[in-house]
Ligand SMILES: Cc1cc2nc3c(=O)[nH]c(=O)nc-3n(C[C@H](O)[C@H](O)[C@H](O)COP(=O)(O)OP(=O)(O)OC[C@H]3O[C@@H](n4cnc5c(N)ncnc54)[C@H](O)[C@@H]3O)c2cc1C
């Protein structure tokens, strides 16, 4: 799934590749809400990418097929989602940049969530329901990284422990 352009990698790759085609599923490569929510580094990457002459960013496109001959990638066929036009761009390789889709359905309707499905948490990983804690990528915490998720996990555990001992959140 590619639903949002969020990568420094195309910018790095401009040094060695003649043409980079970035295909983004949604109409906007990066929305203002994404910028606030996730990572301003990604917004910077997008700006740098837009300035590079050998990066072409397509938005609102669906990848239909990776073309290949004799076991080698020769192109990518994509469809413009609003018009249905299908085109093939010759390319020598392709990378799939996965994106973020919070796996939060199990608590849908029970905990406050953003429009993107992230569980809203406070600074102690507390959710909208007292005694329920959430941590990591599934939450509103900025920077979806391993070290952040680990720290958040420790924080959530401590906060839950505190809740069990004291019975309510202790003011920070
Ligand atoms: C391709 C890729 C590359 C990445 N590279 C880096 C990197 O280089 N450096 C970096 O810091 N970060 C990287 N990240 C981000 C990093 O992986 C995440 O930030 C981190 O794993 C988040 O940890 P988490 O515990 O919140 O979620 P996850 O690691 O996603 O763990 C969630 C777990 O919950 C389980 N689960 C989901 N639903 C249920 C359910 N209903 N019941 C029970 N279990 C459930 C899942 O199976 C999973 O095991 C990368 C992510 C991806 C996808």
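Bear in mind that the values in this text are calculations on the coordinates, not laboratory data. Only a predicted model underlies this, so the values are computations on that prediction, with no experimental measurement involved. Neighbour counts are summed over all protein chains in view; Cβ atoms, including those assigned to glycine, are modelled from backbone coordinates with ideal geometry.
Label sites at residue 158 and residue 83, each approximated as a point 7 angstrom past Cα along Cα to Cβ, lie 5.5 nm apart. Exposure proxy for 48, 21, 164: other Cβ atoms within 10 Å of each Cβ, ordered fewest to most, give 164, 48, 21. The stretch between residue 92 and residue 56 holds 11.5 nm of extra length on full extension. This uses 0.36 nm per residue minus the Cα-Cα distance. Working from the Cα coordinates of segment 95-171, the gyration tensor eigenvalues give, after taking √(5λ), semi-axes of 24, 15, 8 Å in decreasing order.
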